[in-house]
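Worksheet: one structure, shown below.
The values are calculated or read from the model by the stated rules, or taken from the named source; none is laboratory data. Owing to the predicted nature of the structure, the values given are computational and were not obtained by experimental measurement. Because the Cβ atoms are built from the backbone with ideal geometry, glycine has one as well, and the counts that use them run over all protein chains shown. Just the protein is used for accessible areas: all its heavy atoms, side chains included, with ligands, DNA and RNA removed. Shrake-Rupley method; radii C 1.70, N 1.55, O 1.52, S 1.80 Å.
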Amino acid sequence: MADRRLPNFLLSVRLKYVKLGYHYLISNAMYLLLLPLLAAASAHLSTFQLHDLLHLWNHLNSNLLSVTLCSSLMVFLATLYVMTRPRKVYLLNFACYKPHPDRTCDRGMFLQKSELTGSFTEENLGFQKKILERSGLGEKTYLPEAVMRVPPNPCMEEARKEAEAVMFGAIDELLEKTGVKAKDIGILVVNCSLFNPTPSLSAMIVNHYKLRGNILSYNLGGMGCSAGLISIDLAKHLLQAHPNSYALVVSMENITLNWYFGNDRSMLVSNCLFRMGGAAILLSNRPADRRRSKYQLIHTVRTHKGSDDKCYNCVFQQEDDTGRVGVRLSKDLMAVAGEALKTNITTLGPLVLPMSEQLLFFATLVAKKIFKMKIKPYIPDFKLAFEHFCIHAGGRAVLDELEKNLDLSEWHMEPSRMTLNRFGNTSSSSLWYELAYCEAKGRIRKGDRTWQIAFGSGFKCNSAVWRALRTVDPSKEKNPWMDEIHEFPVEVPRVAHIHKA
């Protein structure tokens with residue numbers, strides 16, 4: 001019996017090339033229109049003779065005052081434009097903290113330590129085992145000593161030790177990579193959602209590295225897993241106001257004081273997902289640093305859904321029935337994240353998508369809203385705008401949904417899935433482990449565009465777009481993945497037609 005189903009248009013080779021041809025036609029329409037005009041102008045200029053040029057020169061001399069005023073105005077406007085345009089922000093380098101092997105915690109050890117605490121019921125130990133098996137975390141993630149110890153010792157002193165190890169470890173490596181002196185750093189932004197001691201984490205860094213007294217330091221707390229890109233956005237705006245400056249951004253989370261020892265299952269999930277980690281990023285607005293920088297920051301887009309009660313409450317720190325503090329994850333989390341992502345990409349799309357995709361989206365929107373046609377809204381192909389996707393490694397379910405909704409391939413999702421497997425959910429720093437993975441695989445080439453997407457409590461969805469200023473050679477610098485290069489999946493060649501769209 002013949003198959004009556006419609007063909008899979010996504011896999012249709014002919015449709016693929018029709019869409020590709022349409023994309024290039026629209027994207028290069030301006031050049032196609034300019035060519036005839038340039039040809040006509042060239043043909044007209046070729047008819048000019050010597051007496052025509054002399055006549056033009058005499059005409060200009062007779063209007064010397066007008067020409068001088070126009071020239072002066074053009075110079076003034078050009079100077080004004082150069083002085084007021086946004087300063088370019090460059091990423092010199094970044095470093096991801098890799099804990100000591102002694103901090104490694106496989107699934108069996110995790111369950112054993114959880115059982116030895118005596119805090120969890122038999123049913124909830126089974127629940128944690130099930131979550132671990134489905135989470136996407138591997139056998140080599142890291143936990144701090146205070147949590148691994150029996151009995152656990154979650155105190156302020158141990159939390160400070162974890163914070164110092166993560167922050168100082170990442171910053172030391174970053175300063176070594178860049179050769180920048182600590183005294184040259186003029187802006188410091190630190191984000192950690194759940195651990196906010198006094199003095200602050202930013203003050204700890206200032207004290208340890210003896211940073212200068214007029215440094216602009218900021219400490220962001222309670223802003224969730226998307227706070228890393230909020231820090232980047234804040235640093236970007238500060239660099240617009242302070243020329244010739246370096247900005248150090250440190251993103252991390254603290255596990256020690258935020259381990260949950262109760263039996264509320266909505267709070268137990270975070271124990272199974274979050275792991276130890278952090279990253280340090282050095283930004284610059286100095287034009288001279290462009291040659292030695294890795295990336296240029298192109299866009300940051302922030303979306304906040306906190307005005308909606310369901311969004312506000314979906315990730316919430318509170319006490320359970322027994323008075324133990326934990327972070328409760330709502331069942332609405334996936335739906336809320338989807339709505340936040342939709343709002344974010346609606347803002348980001350016009351900034352990054354080629355004109356062909358924007359026209360298709362606009363046409364389907366008009367057909368649906370004005371002509372009341374029963375068609376599905378067109379989902380833009382973001383693979384035409386980006387070569388690399390760094391999606392916050394919050395959990396396997398989140399990655400599965402984004403892979404499906406954005407129509408991404410396994411190759412595009414590999415950095416996020418590998419980061420979740422190897423390091424777990426390291427909160428706001430996970431995006432940098434993912435970018436480090438892309439570099440370690442030799443994927444980053446000059447001109448490539450990378451989209452970082454992060455979700456966080458509040459509820460927030462934030463994006464950052466970077467363009468590679470040079471091809472990154474993975475053999476020339478330290479990378480948290482390099483010791484395990486032989487364990488990486490076989491590299492899949494990049495599809496050539498999706499690049500430089």
Note to self: Please go through region 330-377 and give me each residue that is more than 25 Å from the chain's Cα centre (by Cα), assigned to a helix (DSSP H, G or I) and without any contact (Cβ under 8 Å) to a residue 24 or more places away in the chain, ordered by number.
What the structure shows: LEU360, PHE362, ALA363, THR364, LEU365, VAL366, ALA367, LYS368, LYS369
Margin query: Scan region 363-371 and tell me whether some residue there is within 30 Å of CYS225 (Cα to Cα) and among the aromatic types (Phe, Trp, Tyr).
Written below: no
Next item on the list: Enumerate the pairs (first residue in region 412-430 and touching a residue at least 24 places away in the same chain (Cβ under 8 Å); second residue anywhere and in a helix (DSSP H, G or I) and of a type in the set (Lys, Arg)) with beta-carbon separation below 8 Å, excluding pairs fewer than 6 apart on the same chain, so at least 6 apart or on different chains.
Entry: HIS412/LYS383; ARG417/ARG396; LEU420/ARG396
Next item on the list: Kindly indicate whether any position in region 179-188 is in contact (Cβ under 8 Å) with a residue 60 or more places away in the chain, closer than 24 Å to GLY222 by Cα and in contact with a strand residue (DSSP E or B) (Cβ under 6 Å, 6 or more places away or on another chain).
Entry: yes
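Does SER270 fit the bill of being in contact (Cβ under 8 Å) with a residue 24 or more places away in the chain and either in a helix (DSSP H, G or I) or open to solvent by 20 Å² or more (accessible area, probe 1.4 Å) (or both)?
Details: in contact (Cβ under 8 Å) with a residue 24 or more places away in the chain: yes; either in a helix (DSSP H, G or I) or open to solvent by 20 Å² or more (accessible area, probe 1.4 Å) (or both): yes.
Yes: the conditions hold for SER270.
Criterion first (within 30 Å of ILE298 (Cα to Cα), touching a strand residue (DSSP E or B) at 6+ places or on another chain (Cβ under 8 Å) and assigned to a helix (DSSP H, G or I)) does MET74 satisfy it?
Values: within 30 Å of ILE298 (Cα to Cα): yes; touching a strand residue (DSSP E or B) at 6+ places or on another chain (Cβ under 8 Å): no; assigned to a helix (DSSP H, G or I): yes.
No, not satisfied.
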Notebook entry, point to check: Does region 450-458 contain at least one residue that is in contact with a helix residue (DSSP H, G or I) (Cβ under 6 Å, 6 or more places away or on another chain), surrounded by fewer than 24 Cβ atoms within 10 Å (Cβ to Cβ) and of a type in the set (A, V, I, L, M)?
Noted result: no
Next item on the list: For region 293-315, name all the residues that are surrounded by fewer than 21 Cβ atoms within 10 Å (Cβ to Cβ), more than 21 Å from the chain's Cα centre (by Cα) and not polar (S, T, N, Q).
Entry: ASP308, ASP309, LYS310, TYR312
